[in-house]
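Before any comments, here is the structure.
The values are calculated or read from the model by the stated rules, or taken from the named source; none is laboratory data. These numbers were taken from a predicted model, which means no experiment stands behind them. Ideal geometry is used to build each Cβ from the backbone, glycine not excepted, and the neighbour counts take in all protein chains shown. Each accessible area value is taken on the protein alone, full model and side chains, heavy atoms only, with ligands, DNA and RNA left out. Shrake-Rupley method; radii C 1.70, N 1.55, O 1.52, S 1.80 Å.
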Amino acid sequence: MLRIALFLTVAALACHAAPITDDEAIDQLYKSVIIADYETALLQSKNLVNEQRGMIISKTVDKLLEKDPQEVMYYGYYLFNHDAQDIVKNYFPLEFRMIFSQLTIKLINKKYNMELKVGLKTDSDGERTVYGDSGDVGNRAVWKFMNVDASDKKVYFKIYNPSDNQFLKSGNSADRFDDHPIYSSTNSDTFRHQWYLEPVVLDNEILFYVINRQYSQPLKLAQSTDSDGDRQAYGHGGDPSGAPERFGWKIKRS
């Protein structure tokens, strides 16, 4: 019995021993995230920081962005909401810190280099059409990501414009291309007001698909400009795969 107890003790210690190499540590953390064992990933991440090996977390995030980018958002969300905000702030790319900290940001379309903004005029419902603008439009192009829900390994946000106290939303009706126009509204009580982010790396730059929860459509700008040189924003009704430049958005500090 003593021999069995000693064996079990040694085995338990071996299971909890720190990885010998950085590559092993990256592999262990990466596997925990992709199998959605976030509790273990949290413990591993905290241990790495305590061991002054936090850069392994950064390298794991880089590996996730390369191979499984959709997993990064929920991993960051779990850390941020389980007393590990400093890990996200110190070892994730800056964009994730801005998102989860609800800092004011600008959303800039990669293809057209235009900032997402709310229009000046309101319609009969008090809503504003949303556009892309290449000029300086001040606070009309400032947003915050406000976390509202997390399920199915997706983190859902309301995208809030503090200048007009309105929230980004998808319209009800679609055009002949199945595209839904994008508005801002003072109410925010439907899935049309909720969005999730999918990171994608293009030319060593982190971009995000901004996808509507109700219609599963990524945010985009129209190909043609209006008389002011603006491009109206829509949810894309077709297949967005293979076009990260058009559907990808840069997140910058405002």
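Tabulated results
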{"read-out": "Accessible surface, per residue, of the chain when the full set of protein chains is kept, probe 1.4 Å, Å²", "value": "51"}
{"read-out": "Gain on full stretching of the segment that runs from Gln102 to Gln70 - 0.36 nm per residue minus C-alpha separation", "value": "9.5 nm"}
{"read-out": "Most fluctuating residue given options Ile206, Ile99, Ile35, as computed from a GNM of the chain linking Cα atoms under 10 Å", "value": "Ile35"}
{"read-out": "Which of Lys59, Lys106 is most accessible, then next, and so on - probe 1.4 Å", "value": "Lys59, Lys106"}
{"read-out": "Distance from the range 196-254 to the range 113-138 (C-alpha centre basis), Å", "value": "16"}
{"read-out": "Descending Cα extents along the principal axes, the range 111-207, whole Å", "value": "40, 33, 32"}
{"read-out": "Karplus-derived 3J(HN,Hα), 6.51/-1.76/1.60, for each residue of the range 122-136, Hz, glycine and proline x", "value": "9, 8, 5, 8, x, 9, 10, 6, 10, 9, x, 9, 8, x, 9"}
{"read-out": "Under 5 Å, built H, 5+ apart or other chain: amide partners of Ala150", "value": "Tyr156"}
{"read-out": "Accessible area of the range 164-254 belonging to carbon and sulfur atoms, whole % at 1.4 Å probe", "value": "40"}
{"read-out": "Entry for volume of the Cα convex hull per residue in Å³ (calculated from the structure that is shown) out of (1) 176; (2) 156; (3) 145", "value": "(3)"}
{"read-out": "Accessible-area value, Glu51, 1.4 Å probe, nucleic acids and ligands omitted, Å²", "value": "80"}
{"read-out": "Phi to ³J(HN,Hα) by Karplus 6.51 cos²θ - 1.76 cosθ + 1.60 over the range 107-113, Hz, x for Gly, Pro", "value": "9, 10, 5, 5, 5, 9, 6"}
{"read-out": "Vicinal HN-Hα couplings computed from phi for the range 147-163 (Karplus, 6.51 cos²θ - 1.76 cosθ + 1.60; Hz; Gly/Pro x)", "value": "5, 10, 6, 8, 7, 6, 6, 10, 10, 9, 10, 9, 9, 10, 9, x, 5"}
{"read-out": "Heavy atoms of Leu202: accessible area, 1.4 Å probe, square angstrom to 10", "value": "40"}
{"read-out": "Kirkwood-based shape ratio for the range 145-254, expressed as Rg/Rh from alpha carbons", "value": "0.95"}
{"read-out": "Lys/Arg +1, Asp/Glu -1 at C-beta; the chain dipole; positive extreme among Leu65, Val33, Ser101", "value": "Ser101"}
{"read-out": "Most to least accessible of Lys111, Lys169 (protein chains only, probe 1.4 Å)", "value": "Lys111, Lys169"}
{"read-out": "Label point distance in nm, Asp22-His82, each placed 7 Å from Cα along Cα→Cβ", "value": "2.5"}
{"read-out": "Accessible-area value, Arg128, 1.4 Å probe, nucleic acids and ligands omitted, Å²", "value": "40"}
